[in-house]
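Everything on this sheet refers to the single structure shown next.
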Amino acid sequence: MSGPKFTLHHLEKSRSTRIIWLLEELGLDYELTKYKRTSDMLAPPELAKIHPLGKAPVVTVTENGKTETLAESGAIIEYIIARYGKGKLAPKVEDSLYKDYLFWLHYTEGSVMSLIMMNLVFGQLPYQGPFLARPILHVVTAGARQQFLNPGLKNHFKFIDAELEKTGGKFLVGNSLTGADINFSFVVESVAAMGWINNYPNIKTYYASIKAHPAYKIAEEKGDPVDLSMFAK
């Protein structure tokens with residue numbers, strides 16, 4: 001009986017680099033299939049052949065002649081760890097830390113990520129509009145970021161920084177890396193890109209900690225992470 005075969009369908013400049021980190025951390029053999037964005041920075045139509053939503057990441061797992069398709073970062077991470085993690089990257093269900101693990105695993109996409117992505121889009125929007133309209137777009141998007149997005153993000157980051165102080169700053173849950181940290185990595189990368197990381201000392205410590213993981217570095221090399229420089233605009 002052969003082992004499972006994983007294929008990660010990875011869109012360039014997307015958050016699916018986190019799944020590369022997951023697979024590397026667990027030592028699972030996988031094939032990386034990369035997709036280029038279209039000229040308007042959208043996912044190519046080929047991805048819709050893998051999953052109807054046409055988004056990334058998507059992982060296909062072939063085992064015992066049957067292929068399963070996994071979508072949504074949090075669900076992918078939770079499923080692969082539960083089925084193939086062999087006790088790594090997650091507390092046991094009966095462990096008191098398990099509820100904290102689930103909170104952080106789903107907090108990333110469920111709460112804070114929507115504000116981060118809106119900020120990212122608003123930072124880029126003025127450069128995508130007609131040339132003569134760009135000054136107006138700059139004013140409108142800057143106002144939205146200052147009045148709505150930035151206060152909301154700062155509230156989240158203040159909460160995260162306080163919670164990290166309780167755990168010592170290196171991990172979200174307990175004293176070792178979990179899938180929650182892997183899913184959460186894009187959040188702290190965003191804080192750094194915004195130039196705010198020095199305002200949150202525990203997030204800064206945490207960011208240095210996750211960047212030091214060898215599998216994180218491999219994921220950065222193999223993947224093509226989101227260009228977060230537009231956050232600084």
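The values are calculated or read from the model by the stated rules, or taken from the named source; none is laboratory data. Since this is a predicted model, take the numbers as computed values, not measurements. In this analysis, Cβ positions are derived from the backbone assuming ideal geometry, glycine residues included, and neighbour counts consider all displayed protein chains.
Under 8 Å between Cβ atoms, which residue pairs at least 6 apart in sequence (or on different chains) link something in the range 202-219 that is not assigned by TED's automatic domain parsing to the domain that holds Glu24 with a partner that is acidic (Asp, Glu) and modelled with pLDDT under 95?
From residues that are not assigned by TED's automatic domain parsing to the domain that holds Glu24, the pairs are Tyr207/Glu189.
Quick check on this structure: which one of Gly179, Gly169, Gly174 is more than 16 Å from the chain's Cα centre (by Cα) and in contact (Cβ under 8 Å) with a residue 60 or more places away in the chain?
Gly174
Those residues that are in contact (Cβ under 8 Å) with a residue 40 or more places away in the chain and in a helix (DSSP H, G or I), I need them from the range 182-201; list them, please.
Ile182, Asn183, Phe184, Ser185, Phe186, Val187, Ser190, Asn199, Pro201
Among (1) at pLDDT below 95; (2) farther than 30 Å from Gly3 by Cα, which single condition is Lys55 missing?
(2)
Here are Lys204, Lys154, Lys158, Lys217: which of them is modelled with pLDDT of 90 or more, in contact with a Lys or Arg (Cβ under 9 Å, 6 or more places away or on another chain) and either among the charged types (D, E, K, R) or not in a helix (DSSP H, G or I) (or both)?
Lys217
Within the range 1-46, count every residue that is touching a helix residue (DSSP H, G or I) at 6+ places or on another chain (Cβ under 8 Å) and either part of a helix (DSSP H, G or I) or not small (Gly, Ala, Ser) (or both).
The number of residues fulfilling the criteria is 21.
Return the total of residues in the range 108-122 being more than 15 Å from Phe157 (Cα to Cα), in contact (Cβ under 8 Å) with a residue 24 or more places away in the chain and aliphatic (A, V, I, L, M).
Number of matching residues: 2.
Given the residues Thr60, Thr38, Thr17, which is the only one that is in contact with a Ser or Thr (Cβ under 6 Å, 6 or more places away or on another chain) and hydroxyl-bearing (Ser, Thr, Tyr)?
The conditions single out Thr60.
On the given criteria, is Ile19 out of contact with any Lys or Arg (no Cβ under 8 Å at 6 or more places or on another chain) and within 30 Å of Asn175 (Cα to Cα)?
Considered against the rule, which asks whether it is out of contact with any Lys or Arg (no Cβ under 8 Å at 6 or more places or on another chain) and within 30 Å of Asn175 (Cα to Cα), Ile19 comes out as yes.
Has the range 123-133 got any residue that is buried (at least 18 other Cβ atoms within 10 Å of the Cβ), assigned to a helix (DSSP H, G or I) and modelled with pLDDT of 95 or more?
no
Any chance the range 47-69 includes a residue that's crowded, with 20+ Cβ neighbours inside 10 Å, free of Cβ contacts under 8 Å to residues at least 40 places away in the same chain and not in a helix (DSSP H, G or I)?
No, every residue in the range 47-69 fails to be crowded, with 20+ Cβ neighbours inside 10 Å, free of Cβ contacts under 8 Å to residues at least 40 places away in the same chain and not in a helix (DSSP H, G or I).
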